[in-house]
Every structure is written in structure tokens, then in C-alpha cells.
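Here the structure comes first, spelled out in C-alpha cells, and everything after it is commentary.
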Amino acid sequence: MMKLIIDTDPGIDDAMAIFYAAAAPEISLLGLTTIFGNVTTEIATRNALRLLEAADLQVPVAEGARVPLSLPPFKPSAQVHGAQGFGDIPAAEPKGAPLAEEAADFLIRMAREHKGELVLCPIGPLTNIALAIQRDPEFVKNLKRIVIMGGSLEEGGNITPHAEANIYHDPDAADVVFGSGAELVMVGLDVTHQILCTKADFTAIAAQSPELGGMLQSMSEFYLRFYETVGKFDGCSLHDPAAVIACSHPQLFQVKKLPIRVSCSGETSGETLMAEKGSRGDTSVCLGVDAKAVKTLFLERLALLP
Ligand code: RIB
Ligand code: CA
């Protein structure tokens with residue numbers, strides 16, 4: 001079993017990724033850490049607890065940073081995920097509470113306790129991961145790998161012409177992570193823009209999994225409406241599920257090993273760029289994907305849920 005922690009800003013496609021991880025037989029989910037992005041960190045924590053309770057998963061949630069490393073706080077992307085993060089589904093209080101331990105410290109501890117085995121999958125801005133790297137020089141050595149949903153090498157951006165949203169919201173943190181020497185995989189827009197789900201796919205998910213699939217289908221209506229306004233996709237991108245699937249099924253992705261750096265200012269802020277060869281460790285950048293296989297896996301695994 002692969003030991004996994006997801007760092008998340010739930011978020012509609014985050015919910016899809018977390019439910020996928022709950023359903024995947026080869027994944028042992030050890031916890032969630034939360035971050036701002038699609039919503040504030042406070043709402044992300046509430047939503048993470050709600051998702052775990054809905055999926056009946058008894059794993060901890062550790063609340064993360066409330067602001068980027070050095071950029072000022074920003075307004076979350078309500079037009080993509082709704083004001084409360086789950087589209088038209090109203091806010092609701094979970095029964096449980098987050099740990100008293102903050103996300104970066106939880107990540108440091110879990111990496112130490114599961115030395116060499118823990119895969120970390122950040123699907124929001126990278127602030128918590130950068131803080132863990134800055135606090136513990138052993139952190140990246142203790143991890144097995146970090147599989148990042150974020151960035152774009154050849155595809156252009158989705159929040160600006162240059163930047164993908166997760167990297168854009170804390171480019172300084174992203175640059176710390178890409179320069180950390182960890183074993184890194186970047187699952188960016190180069191591949192996630194090829195993995196699309198339509199209204200008909202979500203109807204089928206809800207038919208097979210009325211409870212959790214039904215919840216995703218309700219959320220997806222809002223997300224699909226946003227994608228219609230973008231105008232260039234037939235459906236919505238499975239950004240965050242793609243990163244979780246890349247953790248367990250790397251063979252479905254074609255990668256190029258390159259050193260990556262992040263533009264941290266000006267018009268290009270948040271752009272992921274090829275760094276000078278040898279200036280930092282290589283990242284396995286996903287540039288190709290068997291999109292049909294990833295989507296099939298996503299649909300088949302979600303069908304296993306209640
Ligand atoms: O650019 C896509 C990413 O931004 C996804 O993680 C989505 O949930 C948003 O956070
Ligand atoms: Ca996300």
C-alpha cells in the first residue's frame with residue numbers, strides 16, 4: 001500500500017481527488033493538510049473534514065498556513081469553485097475538528113515516522129510544503145516523493161497567460177519546493193488539460209455511487225459552468241485527481257526530467273520555467289498522458305464508493 005498525504009484547498013476537483021484516494025485500493029491515506037487557494041484556509045479545513053466524514057475515513061486533518069510566504073493574502077477563486085468551495089452545495093459544519101498541530105509540523109512528523117515511504121501530493125498552493133522544508137533540513141530526505149498538481153511548461157497558464165493557479169498563489173513557496181532536492185513530479189496543465197470529464201460522466205458517477213458520486217455530481221455542475229465560460233474545453237479538467245493517480249500509476253504519464261524554477265514577480269509571476277541545467281535537482285515534468293486510461297481509472301474507482 002502506498003502511504004499518502006494530500007495537501008489540499010477543497011475545492012471541487014480536490015473533492016474528486018480525495019474521494020478517488022478513498023476508493024483506490026492501493027492507497028493508504030494518512031491524513032490531509034489544508035491550505036488557502038480555492039477558498040480560505042479556514043474553509044479548506046472545514047471542507048476537508050466534511051469530505052473525510054462523508055467518505056467515513058478516520059484520518060487527521062492538520063490546518064495549514066493562512067497566507068503565502070511573502071505575497072499579501074488574496075481573494076479565493078469563488079468563480080471556479082463557489083464561495084464555500086463546493087459549488088452550489090451550501091456550507092455545513094463538520095462533526096470533527098483539526099489537529100492542534102499545524103500542517104507543516106504534522107508533515108515533518110509524518111515524514112519522520114514513515115521515513116522513505118511517504119508520498120506527499122500537494123493539490124493547492126505550496127506554502128505548507130515550503131514551510132516544512134524550511135523548518136526541517138531532513139524533511140525532503142525522509143519523504144519518498146512529492147507529486148505536485150501545479151505548473152505548466154508548454155501549455156500556458158489558467159489564471160494568467162503565464163501561470164497555473166496553485167503556483168501563482170504562492171510562487172515563492174513553489175520555488176522553494178522545486179529547488180529543495182526532493183524527488184519531484186510535476187503534474188501540470190500540460191497533462192491535466194487533456195483529462196476531461198463531461199456532464200454525462202458525472203451523471204454516470206452519480207448513478208453508480210449515489211451518495212459520494214452524487215455529491216461530486218452536484219458540485220460538478222458549478223465547475224462545468226465555469227469551464228463553459230473558458231470556452232476551449234469539452235468538460236472540466238481533472239487536475240487534482242490526475243496528481244493522485246500519478247502517485248500510484250506513474251506508468252500512465254510520460255515525463256521529461258528538467259530543473260524547474262518559478263518566476264516570482266512581475267507579469268510572469270507564477271510561471272514555471274526551465275532552470276539552468278545543474279543549477280538545482282531535476283523534476284519529472286509530466287508532458288504526456290494516457291488520458292483515456294486515467295479517466296477510466298477515475299470513473300471505475302469512484303463507482304466503488306457508496
Ligand atoms: O490549476 C488547477 C488547480 O487550481 C487545482 O488544484 C484546483 O483545485 C485549483 O486549486
Ligand atoms: Ca486544488
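For G266, neighbours were defined as the other residues whose beta-carbon sits under 15 Å from its Cβ, and their charges (Lys and Arg +1, Asp and Glu -1) total -3.
On the protein heavy atoms, probe 1.4 angstrom, tell me the percent of accessible surface of the stretch 2-302 carried by carbon and sulfur. Walk me through the numbers on the way to the answer.
On the way: 5900 of 11450 Å².
Ligands and nucleic acids excluded, carbon and sulfur give 51 percent.
Annotation for the stretch 241-306: trypsin sites (Lys or Arg not before Pro) lying in DSSP loop with at most 11 further Cβ atoms inside 10 Å of their Cβ are K277.
3J(HN,Hα) along the stretch 191-201, derived from phi through the Karplus expression 6.51 cos²θ - 1.76 cosθ + 1.60 where θ = phi - 60°, amounts to 10, 5, 6, 9, 10, 10, 10, 9, 4, 5, 4 Hz, with x in place of Gly and Pro. For the stretch 129-153, the residues whose amide N sits under 20 Å from a probe point set 7 Å from the Cα of K115 along the beta carbon direction are 132-146.
Take every DSSP beta bridge whose two residues both sit in the chain; close to 35 percent of them are antiparallel. Largest GNM mean-square fluctuation among G124, G37, G266, using the chain with Cα springs under 10 Å: G266. The stretch 128-154 and the stretch 79-118 have Cα centres lying 16 Å from one another.
Using the empirical formula 2.2 N^0.38 Å as the baseline, the Cα radius of gyration of the chain reaches a ratio of 0.90.
The spread of Cα positions in the stretch 160-252, taken along each principal axis and listed from longest to shortest, comes to 44, 31, 21 Å. At R0 = 25 Å, how high is the FRET efficiency between S28 and Q84 if r is their beta carbon distance? Nearest 0.05 is fine. According to the calculation, E is roughly 0.30. Computed from phi, the 3J(HN,Hα) profile of the stretch 171-183 under the Karplus parametrisation 6.51, -1.76, 1.60 (θ = phi - 60°) reads x, 5, 5, 4, 5, 4, 5, 5, x, 7, x, 5, 6 Hz, with x in place of Gly and Pro. Rounded to the nearest Hz, the phi-derived 3J(HN,Hα) couplings of the stretch 213-220 under the Karplus curve 6.51 cos²θ - 1.76 cosθ + 1.60 (θ = phi - 60°) are x, x, 5, 5, 4, 4, 4, 5, where x marks glycine and proline. Run the count for the chain, please: Lys pairs, Cα-Cα under 13 angstrom, 8 or more apart or on different chains. Taking the Cα cut-off of 13 Å, the pair count is 5.
Here the Gaussian network model covers the chain, with springs between Cα atoms less than 10 Å apart; of A62, A23, A293, A293 fluctuates the most. Calculate the FRET efficiency for S265 and R225 from the Cβ-Cβ distance with a Förster distance of 25 Å, rounded to the nearest 0.05. The formula returns an efficiency of 0.15 here. Measuring between their Cα centroids, the stretch 197-258 and the stretch 13-52 lie 15 Å from each other. In this structure the stretch 2-302 gives 38 Å² per residue of accessible area when probed at 1.4 Å with all protein chains present.
The values are calculated or read from the model by the stated rules, or taken from the named source; none is laboratory data. Since the structure is predicted, the reported quantities are computational estimates derived from the model, not experimental observations. Note that we place each Cβ from the backbone using ideal geometry, even for glycine, and neighbour counts take in every protein chain shown. Just the protein is used for accessible areas: all its heavy atoms, side chains included, with ligands, DNA and RNA removed. Shrake-Rupley method; radii C 1.70, N 1.55, O 1.52, S 1.80 Å.
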